[in-house]
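The values are calculated or read from the model by the stated rules, or taken from the named source; none is laboratory data. Model, not experiment: these values are computed from the prediction. Heads up, the Cβs are rebuilt from the backbone with ideal geometry, glycines too, and the neighbour counts pull from every protein chain shown.
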Amino acid sequence: MIRIAVELPGHAAYPVVVGAGALGETAQHTGERPFGIVDLPVYEAHGALTAPLCSLVVAPSGEEAKDWETLELILSCMAHEKLDRASVALAFGGGSTLDVAGLAASLYMRGIRVVYCPTTLLAMVDASVGGKTAINLAEGKNLVGTFHQPSAVLADTRTLATLPDAEWRSGLGEVVKAALVEGEELLALVERSASALAARDLAAVEPVIAACVRSKARIVASDERESGPRKALNLGHTFAHALEKVAGFGAIPHGVAVACGLALALEASERAGLLEDASLRARVDSTLRTLQLPRSLGELRRTHGALPARELLAAMRHDKKARSGVPGFVLPRRAGALELSVALDERAVLELLA
């Protein structure tokens, strides 16, 4: 197994354990009476993993979990089970489950410990690390949330065997984003591994997960609350969150929307004269093709409907990264070098989205 320490100023360092059997270390981080939050598909596929829990709440899966109703359910169950400030919440599931479980843990009695057990590729490479928690509003994605770091992350790659193909590809979208943010070394690793990743080769995916975690841990350590360098992790996300909102939350898997957002960000950067690496668009396009991810907005529209340009722009104005209704875009110059919070002319954005 691969072990990575996430060290943030003002917080105790916490471990991320990646590999088959990582869940065998659960008791080391939770004590005798953890409170479990698990999404329904994980409970059905891996119910034996939750057997040691003394109490358990089964939540919806995917974006359906990120609402007030699920948050209230988890908090009410915590109170019913008489959890106190020494209690530990143990969250099994994908990124959405970890988001709402982490939010509940941050709010209950003003904060209890939470251990994440991500069971999707997207959650392992991204959502489980960094401390962001959230639920959605009708007006936009992740508009209600807190920063609340986990006390451990146990990424047991055995759980990936039951992951649907669409969710696997969703995780790969975040892998490509991490590679563009980190730089040439990780991008080259993803390019070399693309065929194996598309074939769901777990031996190939473990070092990629670990590399993505190390990259995110480094960035978060320098900027926990996203006031500067951490904004780089939003690459492709201003576009992606708008796509998810217009399509209806859950209709487009998050990482699939991110993949399309990366293609749009690269095109926007080229149009704005910011892109310095003339080969980068073609390299990313080839990688997305191998990973069976959308390489353009047109391709996504063929599978998910019209996604009108003006509706997408309106959604971007409500994005939490917008300022005074002006969307802020992260645009690449080259792998590992990004421009943060770029304001683009609305007409240029509409032309891009058309």
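Some notes on this structure:
- Answer from 129, 115 - the residue that is β-branched (Val, Ile, Thr) and in contact with a Lys or Arg (Cβ under 9 Å, 6 or more places away or on another chain): 129
- Only helices (runs of 4 or more DSSP H) whose full extent lies in the stretch 138-226 are considered here, and the ones with at least 2 residues that are more than 16 Å from the chain's Cα centre (by Cα) are 184-198, 202-222.
- Hits in the stretch 315-348 (condition: more than 27 Å from residue 182 (Cβ to Cβ) and touching a residue at least 60 places away in the same chain (Cβ under 8 Å)): 315, 318, 348
- Of the residues contained in the stretch 54-65, one or more are found to be of a type in the set (A, V, I, L, M, F, W, C), surrounded by fewer than 19 Cβ atoms within 10 Å (Cβ to Cβ), at pLDDT below 85 and more than 22 Å from the chain's Cα centre (by Cα).
This table checks each residue for (1) of a type in the set (Phe, Trp, Tyr); (2) over 30 Å from residue 252 (Cα atoms).
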residue	(1), (2)
10	no, yes
20	no, no
35	yes, yes
43	yes, no
49	no, no
57	no, no
78	no, yes
99	no, no
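- Yes/no for residue 178 being within 23 Å of residue 328 (Cα to Cα), surrounded by 18 or more Cβ atoms within 10 Å (Cβ to Cβ) and free of Cβ contacts under 8 Å to residues at least 60 places away in the same chain: yes
- Hits in the stretch 247-262 (condition: of a type in the set (A, V, I, L, M, F, W, C) and buried (at least 24 other Cβ atoms within 10 Å of the Cβ)): 252, 256, 257, 258, 259, 260, 262
- Within the stretch 304-350, the only residue that satisfies the criterion of being out of contact with any Lys or Arg (no Cβ under 8 Å at 6 or more places or on another chain), in a strand (DSSP E or B) and over 24 Å from residue 184 (Cβ atoms) is 323.
- Annotation note: of 188, 152, 127, 138, the sole residue that is at pLDDT 95 or above, of a type in the set (Gly, Ala, Ser) and outside the structural domain of residue 219 (by TED's automatic domain parsing) is 152.
- Answer from 183, 228, 236 - the residue that is modelled with pLDDT of 95 or more, under 30 Å from residue 10 (Cα atoms), of a type outside the set (Asp, Glu) and surrounded by fewer than 22 Cβ atoms within 10 Å (Cβ to Cβ): 183
- Contacts under 7 angstrom Cβ, first residue in the stretch 242-268 being farther than 15 Å from residue 330 by Cβ and without any contact (Cβ under 8 Å) to a residue 60 or more places away in the chain, partner of a type outside the set (A, V, I, L, M, F, W, C) and assigned to a helix (DSSP H, G or I), 6 or more apart: 251/304; 252/244; 252/304
- Of the residues making up the stretch 253-286, those that are outside any helix (DSSP H, G or I) and more than 14 Å from the chain's Cα centre (by Cα) number 8.
- Any hit, the stretch 76-84, residues being within 13 Å of residue 97 (Cβ to Cβ) and surrounded by 12 or more Cβ atoms within 10 Å (Cβ to Cβ): no
- Sole residue being at pLDDT 95 or above, in contact with a His (Cβ under 9 Å, 6 or more places away or on another chain) and of a type in the set (A, V, I, L, M, F, W, C), chosen from 75, 122: 122
- Restricting the stretch 92-110 to residues that are in contact with a Lys or Arg (Cβ under 8 Å, 6 or more places away or on another chain) and over 15 Å from residue 76 (Cα atoms), the residue that is surrounded by the fewest Cβ atoms within 10 Å (Cβ to Cβ) is 99.
- Filter result for residue 197 (under 26 Å from residue 307 (Cβ atoms), in contact (Cβ under 8 Å) with a residue 24 or more places away in the chain and outside the structural domain of residue 19 (by TED's automatic domain parsing)): no
- Test set (1) surrounded by 14 or more Cβ atoms within 10 Å (Cβ to Cβ); (2) modelled with pLDDT of 95 or more - residue 327 fails condition number: (2)
- Every pair of residues 6+ apart whose Cβ atoms lie under 7 Å, when the first sits in the stretch 28-47 and is assigned by TED's automatic domain parsing to the domain that holds residue 62 and farther than 13 Å from residue 59 by Cβ while the second is modelled with pLDDT under 85 and surrounded by fewer than 20 Cβ atoms within 10 Å (Cβ to Cβ): 33/54; 34/53
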